[in-house]
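Asker: Before anything else, here's the structure in question.
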Amino acid sequence: MSLILLVLLPIIGAIIIFGPWFPQNEVKIRRFAKGWAGLVFIYSLFFIAFFNPSQTGFQFENILKLPGGKDWIAPLGIDFAFGVDGISITLLVLTTFLVLISLIASKYSITKRHKLYYSMIFVLEAAILGVFTAKDLFLFFLFWEIELIPMYFLISIWGTGRKEYSAIKFILYTFTGSIFMLASILAIVFYHYSQTGILTFDLGVYTAIKDYSYPIIFSILAFFGFFAAFAVKLPIVPLHTWLPDAHVDAPTPVSMLLAGILLKMGGYGLIRMNLQILPEAVKVLAPMLIILGVINIIYTACIALVQTDLKKLIAYSSVSHMGIVLVGLGALNAAGISGAVLQMVAHGIISAGLFMIVGVIYLRTHTREIPMLGGIGQNAPRIMYFSLMIVLASLGLPLLIGFAAETLAFYGAFTSYAFDGFSAFGWYLPVSIRILTAVGIFGIILTAAYLLWMFQKVFYGNILPRWKNFHDATPHEVVILLSLILVIVVFGFYPQGLTGIFVPTVNNIVNLI
Amino acid sequence: MEFFVENAGLIALLPLWVFLIIIFGQNLFVYENKKFTLWLTISSTFIGLICSSFILAWTFDNTTPYVQNFNWLEAGNIKLSVGIIVDRLAAMMLMVVTSVSLLIQIYSHEYMNKDEGYHRFFAYLNLFNFSMLGLVLSSNLFQTYIFWELVGVSSYLLIGFWFKRPSAAAAATKAFIMNRIGDCGLLIGILMFLYFSIGWWASNSDIFLSFTAMPDAAKYVFDSTNPFLYTVIALLIFLGPVAKSAQFPLHTWLPDAMEGPTPISALIHAATMVAAGVYLIARVYPIFELSHDAMTVIAWTGAITALMAATIAITQQDIKKALAYSTCSQLGFMVMAMGAGAYTAGLFHLMTHAYFKAMLFLCSGAVIHGLNDQQDMKYMGGLRKHMPAVAYTYLIGCLAISGIFLSGFWSKEEIFTGLLEHNQIVLLVIAMAVAGMTAFYMFRTYFLTFEGEYRGHEHPHNASKTITLPLIILAIPSAIIGFALCGKFGLPSFDAFMRVTEETVSHNESLLIPAVSLIVSLLGVGLAMVLYVEKYRNMLKINLDNFIQKIKPVYDFSANLWYINKTYYKFIDYVVLPVSEFMSAFDKFIVDGIVNLAALWVHFCGWILRLFQTGNVQTYATILFGGLIFLTFVFTIYWLL
Amino acid sequence: MNIEVILKIFNVGLTHYLILGAILFCIGILGLIISRNIIRVLMSIEILLCAININFVAFANYNDINNLQGQVFAIFIMAVAAAEAALGLAILLSLYRNKPTVDTEEMKELKG
């Protein structure tokens, strides 16, 4: 049950595929990759099976020491340490699941340089798994940076449109953010050193109750350092403009991974670093989080309303849904943060589904312009019904996975007591934050508007003559869409299955704030 | 009998399973047998009906509601449960929904027999059944919201059933989005209510927002907030029913919803789903009761809706649209009654309206079906000779809705009495006027469709047994259920049945109200006869077209639906979309522009630095020696000082 | 008339030699920078080295006549100058073979 093995498995897979001993046969590469991804997925399920939700703190801790019992980089106090808690393990399983799904979806979209592609996906998977399981601040940063490189290759080689521009933009933008994160990490570490004389990067030390507390200015500055990196990743308006380009120009399976998991890294980082390590700053800055969250929801929903490119519309809808995560996080109570984590999982599955549908349509029509598409439902009813389920889940329809998340997040923000201690603003702040949350709920109307408008334009109506040969879903695509819908419906009916895993962890986090 | 009550959830779950069976049956192992789908659906609804009747019988003896819950979502200080509540209100709604549903399903077999989407239709019908029955049985406000949205989705799917028609697709989207606006208000209202009462729920009740504890919770919230805020909460919660029950201003989706098949219009948009709004008002009545301003707004919203819809229905040419506006108007009646305080009167009218409106829609469906999908009344006429059963049942329905002796009369009388009791004289006058208009336009449709000479081109044929049988069965409650439950002459009283906790108020036994309403309705019928039956028209030498020309502005205002639809579209085209376009441009050029500006800045700095790289050795030498001399200078100065 | 008499008449001291060295250095730099002909540049480099030699020898002579460090170093410089001249001419020949010109303005491959 070694977490290091979980992170290393994809890298081993990548090496096996990329090595010269592996045949160039596309089918063999694909089948091996799918099998290996399935193996990683099943292995991660073992972790969930043996996970104990009520135990707080990190579980399955796994530290690798150099021969002779020394730490990895002893003079700096850096360990090669891994550990998961409730939130990370949910995101972990989401990652392995989505990688498996996107590999199955790669069959039609990827037509060249297969070896490089599959090995890059595995390196990406390893990096993301590393981010979610790292128990050491330096290791976290390391994996955070590593995931950029496979992303660059994946977007710029197999993408469409302005792929090189989008890939470079994505990397440089994320990188600029992470510089500030590095500064904050070092600041925290050295402050800890000055207070206790111990130089350590261990996350467990920083997230637990500390003997000292940060001076408020220092805490706020460190907060913004971390926030810069996670704001680019989440993404938070106005640092979001890499997302439409990267999502639109990436190939379908990569878009699914990008929207499904990479955005969650930002949310996860916010919880781990900003909420757990810097509680003083987050108590002061929580209103800002909610304001930014509401801006995310409304602003990007309005933009999605007037998009003509199908994939861009879904990209903006991704940003909009991540706004709900932000609103939940700003609430600083168990309901809000649980809603945020649940929304991360829900949105991962839903946006993977949405991008899959775009990919299915693009494969057959080679266009993403909504005015050009029309009446597809007539020839391809199965695709239409699957899309309908996923679109309805994205809307936040009850008994599908998005609803519980939205409700919890908004309820948390509404009933938050985090702003009642602000003597500076009197009663204005709590009231205005609640009014703002109400404005955020108004976003569900906009979401319904643009999603249903898109659905109507694309699927309903008479089929245009040029799409006479639009054939229905292949069994391949049916499997992918059906498995996603299955997850959506099962956890929609029974969200306790998911929340049971991370709610105790969240309760613990809230108690420590 | 307790068995049925304890397992009442089955009534709602059976349709869900049938839905899943049909969906999987069609997609995994495609079966062609329509009868199988039909019998599955009908049997599940029939079982529901039997169970509902047993439950109704149970509620005669037991006045305390039966509640059963289990945890659905738990995080932090919030605990949301799902469960069922069985009390008299739920039992009544169950009976109405299952009976109307059953008859419409029988009717749909014939109506949709030739349609290629037969199985899909029945699958959606089952989904709707599940949603509606779940809504009726919900034990707390949050669960009601869940099923509220589900009912909205079923409606969306069914309105857009013939999705190849662009108008149907647009109508479905419009319906869903307007309902979403209401849902948004409802959600905000629920959250606000929860926020103010969270302490109370945590200590007093295990189930948040449960209806049994609602009166006490409402009192607590009322005491702990200022009246304005409480009114805001109540009105936000009311926004949900405004959208769902097609009240002004969120009513424009209902006429467009007529794009769906007629059985759907009958089931959803006449009898059940639109009644869900009224049902919700009944359930959260304790919240509304405490705020006088909210009740006034509710009553006036209902009144305005009733008035507006009635005036529009007068000029409609499409029979389904006329019936849709009449539904809207009757819903306004119900909401007005509940807003004025006549809680049971509104519910009584809900029940009677469900039966006769469903029947009216089914009759119009028979007519449309018989005329090969012709809906315009200009091309109908004299169909009584061709479809006698349909004509006579339609007549019964018209009499019922106009309030002439059949069931509508009794329920309307209760509403009028209730309005009078609560001293709402202005509303009473409006209600009377609307009742008169109702009689007028309903009989207008009757005369245009069934009397006179046939003006169309088709060959009308009579409807088959499967279509006329439900009509005849529905005619029975339409005719007598009002009388049977009026509470007078020793008959059981609906009013007393519903008022479990309050003391029965003795009604004003005067004959003034019934007499006036009867006269007004008969006047309306008379006017319709005079204008639309050619015999009488020629007798009085009335030229209809001249008359319409004289009142053209008023006529247009009505025929164009008070221009509300156009206003909404203008709003979207001139406000919403330009704002979004602006934001999109802002995002693309300014926000992204700053990012590209950063890249441009780096580019620019590189360009400047490149100016120093001339490739000429001598330039480099110049710089080298220049720097050397400069340094020498500096050090000399330093050494000298 | 011998050298010592002439030197005594004109009161020639260290400064004069340094000034001479400086003037030659400037001429060399100027020639290096301004010349358009590579051979002229190479010659200017030689002038530079000569100027430096003069400086070294002057210091050696006027500070301690028994200390020969300056003069020895001047001989080092001459050796290096010779080697560098050879190298410079070799590069010049290579350049001339690629582009038949000795104009410095033409040698801008590394521009930008």
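The values are calculated or read from the model by the stated rules, or taken from the named source; none is laboratory data. Remember, predicted model here, so these are calculated numbers, not experimental data. As a convention, Cβ positions derive from the backbone with ideal geometry for all residues, glycine included, and neighbour counts pool all protein chains shown. Please note that ligands, DNA and RNA were not included when accessible areas were found on the heavy atoms of the full protein model with its side chains. Shrake-Rupley method; radii C 1.70, N 1.55, O 1.52, S 1.80 Å.
Asker: Restricted to the range A:457-512, and to residues that are over 24 Å from A:Leu392 (Cβ atoms), open to solvent by 40 Å² or more (accessible area, probe 1.4 Å) and among the aliphatic types (A, V, I, L, M), which residue is nearest to the chain's Cα centre (by Cα)?
Answerer: A:Leu512
Asker: Give me the residue from the range B:99-113 that is touching a Ser or Thr at 6+ places or on another chain (Cβ under 7 Å) and within 18 Å of B:Val278 (Cβ to Cβ) and, out of that set, surrounded by the fewest Cβ atoms within 10 Å (Cβ to Cβ).
Answerer: Per the stated criteria, the residue is B:Val100.
Asker: Is the range B:272-279 home to any residue that is open to solvent by 10 Å² or more (accessible area, probe 1.4 Å), over 18 Å from B:Gly189 (Cα atoms), in contact (Cβ under 8 Å) with a residue 40 or more places away in the chain and assigned to a helix (DSSP H, G or I)?
Answerer: No, that holds for no residue.
Asker: Which condition number in (1) part of a loop (DSSP other than H, G, I, E, B); (2) open to solvent by 10 Å² or more (accessible area, probe 1.4 Å); (3) touching a residue at least 12 places away in the same chain (Cβ under 8 Å) is the one that B:Leu383 fails?
Answerer: With respect to (1) part of a loop (DSSP other than H, G, I, E, B); (2) open to solvent by 10 Å² or more (accessible area, probe 1.4 Å); (3) touching a residue at least 12 places away in the same chain (Cβ under 8 Å), B:Leu383 is out only on (2).
Asker: Among the listed residues B:Ala175, B:Ala218, which satisfies the condition of being more than 11 Å from chain A (Cβ to nearest Cβ) and in a helix (DSSP H, G or I)? Write out each step before concluding.
Answerer: Working: B:Ala175 fails: more than 11 Å from chain A (Cβ to nearest Cβ).
Among B:Ala175, B:Ala218, only B:Ala218 is more than 11 Å from chain A (Cβ to nearest Cβ) and in a helix (DSSP H, G or I).
Asker: Same structure, new question: Can you name the residue in the range B:608-641 that is facing chain C (nearest Cβ under 10 Å) and more than 23 Å from C:Ile45 (Cα to Cα) and is also surrounded by the most Cβ atoms within 10 Å (Cβ to Cβ) among such residues?
Answerer: B:Arg610
Asker: Does the range B:146-172 hold any residues that are farther than 27 Å from B:Ile188 by Cβ, touching a residue at least 40 places away in the same chain (Cβ under 8 Å) and part of a helix (DSSP H, G or I), and which are they?
Answerer: Of everything in the range B:146-172, those that are farther than 27 Å from B:Ile188 by Cβ, touching a residue at least 40 places away in the same chain (Cβ under 8 Å) and part of a helix (DSSP H, G or I) turn out to be B:Leu158, B:Ser167, B:Ala168, B:Ala170.
Let's see how each residue does on (1) open to solvent by 60 Å² or more (accessible area, probe 1.4 Å); (2) farther than 19 Å from B:Phe625 by Cα; (3) free of Cβ contacts under 8 Å to residues at least 12 places away in the same chain:
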residue	(1), (2), (3)
C:Leu42	no, no, no
C:Leu49	no, no, no
C:Phe59	yes, yes, no
C:Tyr62	yes, yes, no
C:Leu68	yes, yes, yes
C:Phe73	yes, yes, no
C:Ala85	no, yes, no
C:Tyr96	yes, yes, yes
C:Pro100	yes, yes, yes
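Asker: Sort out which residues of the range A:447-474 are within 12 Å of chain B (Cβ to nearest Cβ) and of a type outside the set (A, V, I, L, M, F, W, C), and write them in order of number.
Answerer: Of everything in the range A:447-474, those that are within 12 Å of chain B (Cβ to nearest Cβ) and of a type outside the set (A, V, I, L, M, F, W, C) turn out to be A:Thr447, A:Tyr450, A:Gln456, A:Lys457, A:Tyr460, A:Gly461, A:Asn462, A:Asp472.
Asker: Consider B:Glu289 carefully, then state whether it is of a type outside the set (Val, Ile, Thr), closer than 30 Å to B:Tyr532 by Cβ and open to solvent by 10 Å² or more (accessible area, probe 1.4 Å).
Answerer: no
Asker: Output the number of residues of the range A:176-223 satisfying the condition of being part of a helix (DSSP H, G or I), surrounded by fewer than 14 Cβ atoms within 10 Å (Cβ to Cβ) and not β-branched (Val, Ile, Thr).
Answerer: Number of matching residues: 4.
Asker: Being of a type in the set (A, V, I, L, M, F, W, C), modelled with pLDDT of 80 or more and farther than 14 Å from B:Asn140 by Cβ is the filter; apply it to the range B:201-225 and report the residue that is surrounded by the fewest Cβ atoms within 10 Å (Cβ to Cβ).
Answerer: B:Phe222
Asker: What number of residues in the range A:1-27 are part of a helix (DSSP H, G or I) and at pLDDT below 85? Walk me through it before giving the result.
Answerer: Here is the first cut: in the range A:1-27, the ones part of a helix (DSSP H, G or I) are A:3-18, A:26-27.
Checking the rest, the ones that are also at pLDDT below 85 come to A:3-4, A:26.
Result for the range A:1-27: 3.
Asker: Where residues in the range B:411-450 are open to solvent by 40 Å² or more (accessible area, probe 1.4 Å) and of a type outside the set (A, V, I, L, M, F, W, C), which of them is nearest to B:Asn372 (Cα to Cα)?
Answerer: Looking at residues that are open to solvent by 40 Å² or more (accessible area, probe 1.4 Å) and of a type outside the set (A, V, I, L, M, F, W, C), I get B:Gln424.
Asker: For the range A:479-495, check the following and say yes or no: at least one residue is more than 12 Å from every other protein chain (Cβ to nearest Cβ) and small (Gly, Ala, Ser). Step through it out loud before you land on a result.
Answerer: Restricting attention to the range A:479-495, the residues satisfying the condition of being more than 12 Å from every other protein chain (Cβ to nearest Cβ) are A:479-481, A:483-484, A:486-488, A:490.
Keeping just the survivors that are small (Gly, Ala, Ser) gives A:483.
Within the range A:479-495, one or more residues are more than 12 Å from every other protein chain (Cβ to nearest Cβ) and small (Gly, Ala, Ser).
Asker: Kindly check whether there is at least one residue in the range A:100-108 that is within 21 Å of A:Ala246 (Cβ to Cβ), out of contact with any strand residue (DSSP E or B) (no Cβ under 9 Å at 6 or more places or on another chain) and among the charged types (D, E, K, R).
Answerer: No - not one qualifying residue is present in the range A:100-108.
Asker: Quick check on the range B:11-30. Is at least one of its residues among the hydrophobic types (A, V, I, L, M, F, W, C), touching a Cys at 6+ places or on another chain (Cβ under 7 Å), closer than 25 Å to B:Leu150 by Cβ and open to solvent by less than 80 Å² (accessible area, probe 1.4 Å)? Give the derivation first.
Answerer: Of the range B:11-30, the ones among the hydrophobic types (A, V, I, L, M, F, W, C) are B:11-14, B:16-24, B:28-30.
Okay, now just the ones that are also touching a Cys at 6+ places or on another chain (Cβ under 7 Å), so B:11.
From what is left, the residues that are closer than 25 Å to B:Leu150 by Cβ are B:11.
Restricting the remaining residues to those that are open to solvent by less than 80 Å² (accessible area, probe 1.4 Å) gives B:11.
Looking through the range B:11-30, at least one residue is among the hydrophobic types (A, V, I, L, M, F, W, C), touching a Cys at 6+ places or on another chain (Cβ under 7 Å), closer than 25 Å to B:Leu150 by Cβ and open to solvent by less than 80 Å² (accessible area, probe 1.4 Å).
Asker: Hey, another quick one. Is it the case that the range B:328-344 has a residue that's assigned by TED's automatic domain parsing to the domain that holds B:Leu474, small (Gly, Ala, Ser) and surrounded by fewer than 24 Cβ atoms within 10 Å (Cβ to Cβ)? Steps first, please.
Answerer: If we filter the range B:328-344 for residues that are assigned by TED's automatic domain parsing to the domain that holds B:Leu474, which is where we start, we get B:328-344.
Subset that is small (Gly, Ala, Ser): B:329, B:332, B:337, B:339-342.
Next, only the ones that are surrounded by fewer than 24 Cβ atoms within 10 Å (Cβ to Cβ) stay: B:341.
The answer is yes, given that some residue of the range B:328-344 is assigned by TED's automatic domain parsing to the domain that holds B:Leu474, small (Gly, Ala, Ser) and surrounded by fewer than 24 Cβ atoms within 10 Å (Cβ to Cβ).
Asker: Restricting to helices (runs of 4 or more DSSP H) lying wholly in the range A:231-347: which have 1 or more residues that are under 30 Å from B:Ala75 (Cα atoms) and within 14 Å of chain B (Cβ to nearest Cβ)?
Answerer: Values: elements: A:242-249, A:252-257, A:263-269, A:279-305, A:310-330.
Filter on the range A:231-347 gives A:279-305, A:310-330.
Asker: I would also like to ask the following. Identify the single condition in (1) touching a residue at least 40 places away in the same chain (Cβ under 8 Å); (2) closer than 19 Å to B:Thr622 by Cβ; (3) within 17 Å of the chain's Cα centre (by Cα) that C:Arg36 does not satisfy, given that it satisfies every other one.
Answerer: Answer for C:Arg36: the failing condition is (3).
Asker: A further question follows. Test B:Val533 against the stated conditions and say whether it is facing another protein chain (nearest Cβ under 10 Å) and β-branched (Val, Ile, Thr).
Answerer: no
Asker: Next question, about the same structure. Scan the range B:92-121 for residues that are of a type in the set (Lys, Arg) and free of Cβ contacts under 8 Å to residues at least 12 places away in the same chain and jot them down. So that I can check it myself, show each step before the final result.
Answerer: Let us first name the residues in the range B:92-121 that are of a type in the set (Lys, Arg), namely B:114, B:120.
Across the range B:92-121, the qualifying residue is only B:Lys114.
Asker: Also, quick follow-up: Given the residues B:Gly365, B:Gly408, which is the only one that is buried (at least 24 other Cβ atoms within 10 Å of the Cβ) and modelled with pLDDT under 85? I'd like the intermediate steps shown before the answer.
Answerer: Working: B:Gly365 fails: modelled with pLDDT under 85.
Testing whether each residue is buried (at least 24 other Cβ atoms within 10 Å of the Cβ) and modelled with pLDDT under 85 leaves just B:Gly408.
Asker: Being within 17 Å of B:Val284 (Cα to Cα), of a type outside the set (Phe, Trp, Tyr) and open to solvent by 10 Å² or more (accessible area, probe 1.4 Å) is the filter here; which residues of the range B:144-197 pass it?
Answerer: Of everything in the range B:144-197, those that are within 17 Å of B:Val284 (Cα to Cα), of a type outside the set (Phe, Trp, Tyr) and open to solvent by 10 Å² or more (accessible area, probe 1.4 Å) turn out to be B:Leu187, B:Ile188, B:Met192.
Asker: So which of C:Ala81, C:Ala86 is modelled with pLDDT of 95 or more, in contact with an Asp or Glu (Cβ under 8 Å, 6 or more places away or on another chain) and small (Gly, Ala, Ser)?
Answerer: C:Ala81
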